[in-house]
Amino acid sequence: MKKILDLQAPVMSLQSVLEDLLVATSDGLLHLIHWEGMTNGRKAINLSTVPFSVDLQSSRVGSFLGFADVHIKDMEYCATLDGFAVVFNDGKVGFITPVSSRFTAEQLHGVWPQDVIDGTCVAVNNKYRLMAFGCASGSVQVYTIDNTTGAMLLSHKLELTAKQYPVIRFPGTGITNSCELYCGCWELNPGPLEEQPVLLTTSNQEQVLLQGEDRLYLNCGEASQTQNPKSSLAHTDHMPSREKSPFADGGLESQGLSTLLGHRHWHVVQISSTYLESNWPIRFSAIDELGQNIAVAGKFGFAHYSLLTKKWKLFGNITQEQNMIVTGGLAWWNDFMVLACYNLSDRQEELRIYLRTSNLDNAFAHVTKAPAETLLLSVFRDMVVVFRADCSICLYSIERKSDGLLIIKSFGDVYVVAVKKQGRTCADCLNLSSCVIGGGKGVCKILAEINPRYFFTIYNSNTTASVQVLQEVSMSRYIPHPFLVVSVTLTSVSTENGITLKMPQQARDAESIMLNLAGQLIMMQRDRSGPQIREKDSNPNQRKLLPFCPPVVLAQSVENVWTTCRANKQKRHLLEALWLSCGGAGMKVWLPLFPRDHRKPHSFLSQRIMLPFHINIYPLAVLFEDALVLGAVNDTLLYDSLYTRNSAREQLEVLFPFCVVERTSQIYLHHILRQLLVRNLGEQALLLAQSCSALPYFPHVLELMLHEVLEEEATSREPIPDPLLPTVAKFITEFPLFLQTVVHCARKTEYALWNYLFAAVGNPKDLFEECLMAQDLDTAASYLIILQNMEVPAVSRQHATLLFNTALEQGKWDLCRHMIRFLKAIGSGESETPPSTPTTQEPSSSGGFEFFRNRSISLSQSAENVPPGKFSLQKTLSMPSGPSGKRWSKDSDCAENMYIDMMLWRHARRLLEDVRLKDLGCFAAQLGFELISWLCKERTRAARVDNFVVALKRLHKDFLWPLPIIPASSISSPFKNGKCRTGDECSIGSATDLTESSSMVDGDWTMVDENFSTLSLTQSELEHISMELASKGPHKSQVQLRYLLHIFMEAGCLDWCVVISLILRESSVVSQILSIAQSSEMDGEMLQNIKTGLHAVDRWASTDCPGYKPFLNIIKPQLQKLSEITEEQVQPDTFQPITVGKTPEQTSPRAEESRGSSSRASISQSETGSNSVVSRNEEDTTQADEEEPFQDGAYDCSVS
């Protein structure tokens, strides 16, 4: 100012009003002063003479302030409302506006809300025409002006409570600067991100880009981090607009789950310091569709950055950069950067297009002059939409353009060819089979002339893009001030879907302008009421676009809008919807409604519906196909690291939260499904849910919907005449995840609400039985917890028994252990503390025996082949103890333990009768079943082999053990018919692994010729040994069979020992049986059974499996001696033809029941492996994997 003015009172507040300065003093006067210090003869305005009322219509008859000491404490000028938001010294607030252009006491009128009496400060948001008044209580009340009456309407109220900031201690006194805390950054973006100095960029609908002072925070998924920059450059010049990057790994269609739900931190891109030196601050930023390139614009010029090469590209000519100012923003179109700028040297508004791959220079730019300043810019498909300062909207078409210079590379040779034909070049053709230049004959003439045999890569060295004005729309009738327009975009959303439109292409070309005017979302769609022009009859270059209908207001308080032009028939609801962020009001979706089977709907039915829903994060982007909202959430921390609480005076900043903003995501689908069910649109809800059923978190969506409805209705104090829970329950039954959804919801809900839940979804006993029928044992176990709390112990025991038996059959050992503890808890009265339901299942018998969890075993194995710490030669094996570390027999006096033992015995008997020895071994190892003692009891009943041939075949199949074969050369070799004991003994040694200690000192190879040596083996002998090695099974199966051999030997089940020895070809076992048979305690019936079984195996081997004949010839002397023993022990009448079986007194009802179920037992092929030849070197290299059963301890269980 040129001179000093004496206003004769302290200045309380001052504001700039165009060319004047408005000053409020403590004496209650308003002074309007020119910037040159002149009052121009205008007198000061006394506030006591300004009328105030609740609205402008009654302001002339309103009351005056009437107090001599009333003055303005704080005020802010709002240009878009053309008035002042004021706070008086007595705590009242109001809004003063002139009713004419003259600023005098007679022309000023004021309105105020009557419920605010503790105002302290004020801030305004010109973009959204909002006034925020801070109160002494710590809250902020936000008001707007009613366009009709001029009254102050409460928009919303902001409060800092313990719910948002649980770690903050609020002071007892008022917060005088609360308004600045909330409203300081409103000019950037209103919402929860006010605490961070960042700006949300909405140039891309599915990429999150936050603009900071000197860096960018972005979330562009994993695509941009995993792409190869070298490969993308080769396809840059001829990549269509909708073509995805070949390295995007799905791109935007469906990002990885780890990207959507994890990675809570931001990718930070530091803006080039060279550009920031002369162009700070950054005013605009944009990211392309694939999330690979970013562009920023500051004070002058612009720069862009590639996430693939990690490099910035700046103007080479600094004069060109300093000669342009980006005014209306920038956007990406394919590989082109579109921006609206002001040319300082020519003083002209322009629309420019730069190619990303070319040098950043005006020589490679396409420039179009604009008649007025551009305020906003966006890109839709192949169209550019701009909003200008004259309140007009202009639509441009943008297309790729080439100047005919082609560079054709072929294996290092470079050819430069100039081509022009009807404005098209080879760079426009992606498919040479339909080349225009080649006349449609499939071969390009230019390429054919160079060399038809080579494959050529085409690069266009001078590719640009051109724009052409399509249509201009004036909006001056509807927009009071151009600054009020927040965003403008062109979308494919319309009030009609593709079914009701007259022509199919109209659904594809349906274009509507979405304009956000100070929070009001206005839509203008094409007017299709007139005559339609067929697409084939219209010239694309001279196409006249349809006019727009009058605007329609869709929603209020809108901050951001998301939509997409992609098409997906499976997810039409999500892709054709319009998604809105409405600040404190949550989110809204304008959802299309489609009839079933594409029937034409009735004209009176609405084809879209606006559904509101709340989310717990601030939305930044919408992933349409993934049904997710990407957003930000702030974590609050105590700001107490720089001070001590014992100080006399605490600093003010320690009373406020310190917020850390993190990226996160939230599922919204359950909100939409619930809203549709409330509105009796279940058919639409079902179509939407079925389209999203393949999402990995869809079960969680159903669970969230059921849980929220249950909590709301079950805890309601008011009666609900039309409850939603039964409808939701029936809706969930349409999906196969119904049983899991219900039980997971119940487990996460209070017990008091279970009755209400199961009254709607069904009886838990019925649901439990459905789980058993569906073989879903994990879910059935969860229902068992429900039954334990809702039913008497007898019911829980009954259902637990059913589940236990089913888990035993399916080999769910982890669940079996839980069920054993559960049954013991019921019997001991500990039902009030149910065991937890297993969340993961251990591998079934396919993982092999885990016998050696607390021990190891050695069967003719040397200590050097076993890792140290896992072997002990002196430890003897008695009865195996399972992982539980308990023996059920020691608590046999307890009825509950006896009940469990009976179920275990019955299952073991069923496994033996079905010849499932591998499952029996897994069962005993996993559950600690005392197998030896039980086999001693069942030696003459379930543990008896009824059919040796069937048992032998089943063991070969279960243990993946190949049947022995005889090589063709052995017919004329010394190994034939067992005449040379050398070959036969070699076969026995191969069954015990030649690398182990089963050698000639074991006593089996006593008849080996003394001239036998590996150095003198003939070709036929080597072939025979290789065939014997090929007849071996996996090493793990060999260890398991040897363990079972020892178990049956210790239990006295000699017939099973003979069967296993046949597979392993252990002649020593037969010798042991003979030595046992000579004792008087040996059962004659068992010896007779062994003799009969071996004869049956011999007959089977003679006809079906001659590979067993050499070994049977070896044990023929032992078999003859066995026959002599049986003839001495058995009476003559025993040799009469009898039926092999059990006597009535040996058969129990439980055994009969088990035999009856043997026909239903399934054959389990558990081990995966191959029957290919395994060499010694391969076995040695894989020994670490083969020794998996050896764990923690050792045993010596030699049977020789």
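The values are calculated or read from the model by the stated rules, or taken from the named source; none is laboratory data. Model, not experiment: these values are computed from the prediction. Virtual Cβ from ideal backbone geometry, glycine too; neighbours counted across all protein chains shown. These area figures cover heavy atoms from the full protein model, side chains too; ligands, DNA and RNA do not enter into them. Shrake-Rupley method; radii C 1.70, N 1.55, O 1.52, S 1.80 Å.
Tell me the carbon and sulfur percent of the accessible area for the range 1033-1097, rounded to whole percent, probe radius 1.4 Å.
Taking all protein chains in place, the range 1033-1097 shows 53 percent carbon and sulfur surface.
Please calculate how many Å² of accessible area the range 272-379 carries per residue, with a 1.4 Å probe and no DNA, RNA or ligand atoms counted. Each step should come with its number before you reach the end.
Details: 4220 Å² over 108 residues.
Result: 39 Å² per residue.
As a quick test, which of the pairs 748/812; 1036/1121; 957/1121 have an alpha carbon distance above 28 angstrom in this structure?
On the way: 748/812 25 Å; 1036/1121 34 Å; 957/1121 31 Å.
Long pairs (Cα-Cα over 28 Å): 1036/1121; 957/1121.
Any idea how far the Cα center of the range 720-745 sits from the one of the range 901-972, in Å?
Using only Cα atoms to place each centre, the spacing works out to 47 Å.
Whole percent per 5 Å bin, from 0 to the bin with the longest distance: what is P(r) over all C-alpha pairs of the range 696-757?
Final binned percentages: 3, 18, 32, 24, 14, 6, 1, 0.
For the range 304-357, evaluate the Debye formula with one uniform point scatterer on each Cα (no solvent term) and list log10 I(q)/I(0) at q = 0.14, 0.18 Å⁻¹, rounded to two decimals.
-0.41, -0.66
In whole percent, and with a 1.4 Å probe on the protein chains, what portion of the accessible area of the range 553-635 is carbon and sulfur?
Carbon and sulfur together cover 51 percent of it.
For the range 696-757, report the accessible area per residue in Å² (1.4 Å probe, heavy atoms, rounded to an integer).
Values: 3270 Å² over 62 residues.
Result: 53 Å² of accessible area for each residue.
Taking the Cα centre of the range 696-757 as origin and charging only Cβ (+1 Lys, Arg; -1 Asp, Glu), how large is the dipole, in debye to the nearest 20?
240 debye
Going by a ≥ b ≥ c, the root eigenvalues of the Cα gyration tensor, does the range 1039-1108 fall in the rounded group (a/c under 1.5), the prolate group (a/b larger than b/c) or the oblate group?
Numbers: a/c = 2.25, a/b = 1.28, b/c = 1.76.
Oblate shape, in that a/c is at least 1.5 and b/c is the bigger or equal ratio.
For a protection proxy built on the mean count of beta-carbon atoms within 10 angstrom, sort 473-484, 927-938 highest first, please.
927-938, 473-484
When ranked by the protection proxy of mean other Cβ atoms within 10 Å per residue, highest first, what sequence do the peptides 739-748, 5-14, 74-83 form?
Listed from highest to lowest mean packing, they are 739-748, 74-83, 5-14.
Relative contact order, percent, of the range 696-757 when contacts are C-alpha pairs under 8 Å separated by at least 6 residues?
Over the range 696-757, the number comes to 48 percent.
What is the percent carbon and sulfur in the accessible area of the range 696-757, measuring with a 1.4 Å probe over the protein chains and ignoring ligands?
Ligands and nucleic acids excluded, carbon and sulfur give 54 percent.
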